[in-house]
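J.: Here it is, the structure in full.
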Amino acid sequence: MDLPPNPLAEPDMTSAVRHQIVFNGGMMGQMMMGGGMGSMMDQMREGNMWFINGEAATGHMMDPLLVLPQGTSHVFEMDNRTAWHHPIHFHGHSFRVIARNGQPTRHREWQDTVLMAPEERVEIAFVADNPGDWMFHCHIFEYQAAGMMGVIRVDPGTTKT
């Protein structure tokens, strides 16, 4: 039995705009795992936060980290500068993981979440085809609640023709 064609738009890698995204945070910018550190909630109460590009989400209404014109291709060059794994989730879009630590990936499956290992660099490619404000965050609730969350806006007013 043949499957119907995949309806997802393939990113145009020749015109894709590249964006640098850095995940870090915790005690003095780099939370290190070890004895005596206490739970994540203890760290949050002490003011230790998680960041995306130096910004910690601190409320319900946030300015977007990025504004992307609808219909355009993008590559997020993501850098996990922490000692923890982070499952990074992008609402409203599917993407292909195209590289890990500078090495092209083998299968390039469509995903909406990618697990980043400590100190790992991951590149994802996608088409910004779904207009609106979309949450972009670590899928571990405590990290998200402590700031590792942002908004990516896909602007229909600047669609590609």
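J.: Might you check whether a residue that is surrounded by fewer than 18 Cβ atoms within 10 Å (Cβ to Cβ), of a type outside the set (Phe, Trp, Tyr), closer than 26 Å to residue 60 by Cβ and under 12 Å from the mean Cα position of the chain (by Cα) occurs anywhere in the stretch 125-133?
T.: No, the stretch 125-133 has no match at all.
J.: Report yes if some residue within the stretch 142-149 is assigned to a strand (DSSP E or B) and at pLDDT 95 or above; otherwise report no. Can you show your working first?
T.: Taking the stretch 142-149 as the starting set, the residues that turn out to be assigned to a strand (DSSP E or B) are 149.
The next check asks that each one be at pLDDT 95 or above; those that pass are none.
No; the residues of the stretch 142-149 include none that is assigned to a strand (DSSP E or B) and at pLDDT 95 or above.
J.: Among the residues of the stretch 76-89, count how many are outside any strand (DSSP E or B) and in contact with a Pro (Cβ under 8 Å, 6 or more places away or on another chain). Full working, then the answer.
T.: First, the residues of the stretch 76-89 that are outside any strand (DSSP E or B): 81-85.
Right, trim to in contact with a Pro (Cβ under 8 Å, 6 or more places away or on another chain) and you get 82-85.
Number of matching residues: 4.
J.: Quick check: anything in the stretch 14-22 of a type outside the set (Val, Ile, Thr), more than 21 Å from residue 157 (Cα to Cα) and either out of contact with any Asp or Glu (no Cβ under 6 Å at 6 or more places or on another chain) or modelled with pLDDT of 95 or more (or both)?
T.: yes
J.: Also: Which of the following residues is modelled with pLDDT of 95 or more and over 22 Å from residue 63 (Cβ atoms): 96, 153, 108?
T.: 96
J.: Also, quick follow-up: Between a residue in the stretch 128-140 that is part of a loop (DSSP other than H, G, I, E, B) and any residue that is modelled with pLDDT of 95 or more and aliphatic (A, V, I, L, M), which pairs come within a Cβ distance under 8 Å, given they are 6 or more apart or on different chains?
T.: Listed by first residue and then by second, the contacts come to 129/154; 130/154; 131/154; 139/88.
J.: Could you grab me the full set of residues in the stretch 134-160 that are of a type in the set (Gly, Ala, Ser) and surrounded by 15 or more Cβ atoms within 10 Å (Cβ to Cβ)?
T.: Those that are of a type in the set (Gly, Ala, Ser) and surrounded by 15 or more Cβ atoms within 10 Å (Cβ to Cβ): 145, 146, 147, 150.
J.: It is to be established whether one or more residues within the stretch 34-45 are surrounded by 19 or more Cβ atoms within 10 Å (Cβ to Cβ), of a type outside the set (Val, Ile, Thr), modelled with pLDDT under 85 and more than 24 Å from residue 122 (Cβ to Cβ).
T.: There is at least one residue in the stretch 34-45 that is surrounded by 19 or more Cβ atoms within 10 Å (Cβ to Cβ), of a type outside the set (Val, Ile, Thr), modelled with pLDDT under 85 and more than 24 Å from residue 122 (Cβ to Cβ).
J.: Taking the options 57, 9, name whichever one is among the aliphatic types (A, V, I, L, M), out of contact with any Leu (no Cβ under 9 Å at 6 or more places or on another chain), at pLDDT 75 or above and surrounded by 15 or more Cβ atoms within 10 Å (Cβ to Cβ).
T.: Testing whether each residue is among the aliphatic types (A, V, I, L, M), out of contact with any Leu (no Cβ under 9 Å at 6 or more places or on another chain), at pLDDT 75 or above and surrounded by 15 or more Cβ atoms within 10 Å (Cβ to Cβ) leaves just 57.
J.: Which residues, taken from the stretch 90-110, are assigned to a strand (DSSP E or B) and either surrounded by fewer than 17 Cβ atoms within 10 Å (Cβ to Cβ) or aliphatic (A, V, I, L, M) (or both)?
T.: Residues satisfying the conditions are 97, 98, 99, 100, 103, 104, 110.
Condition check ((1) in contact (Cβ under 8 Å) with a residue 24 or more places away in the chain; (2) out of contact with any Asp or Glu (no Cβ under 8 Å at 6 or more places or on another chain); (3) under 16 Å from residue 22 (Cβ atoms)) across all residues:
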position	(1), (2), (3)
95	yes, no, no
101	no, no, yes
109	no, yes, no
112	no, yes, no
116	yes, yes, yes
156	yes, yes, no
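The values are calculated or read from the model by the stated rules, or taken from the named source; none is laboratory data. For clarity, every value in this text was computed on a predicted model and none was experimentally measured. In this analysis, Cβ positions are derived from the backbone assuming ideal geometry, glycine residues included, and neighbour counts consider all displayed protein chains.
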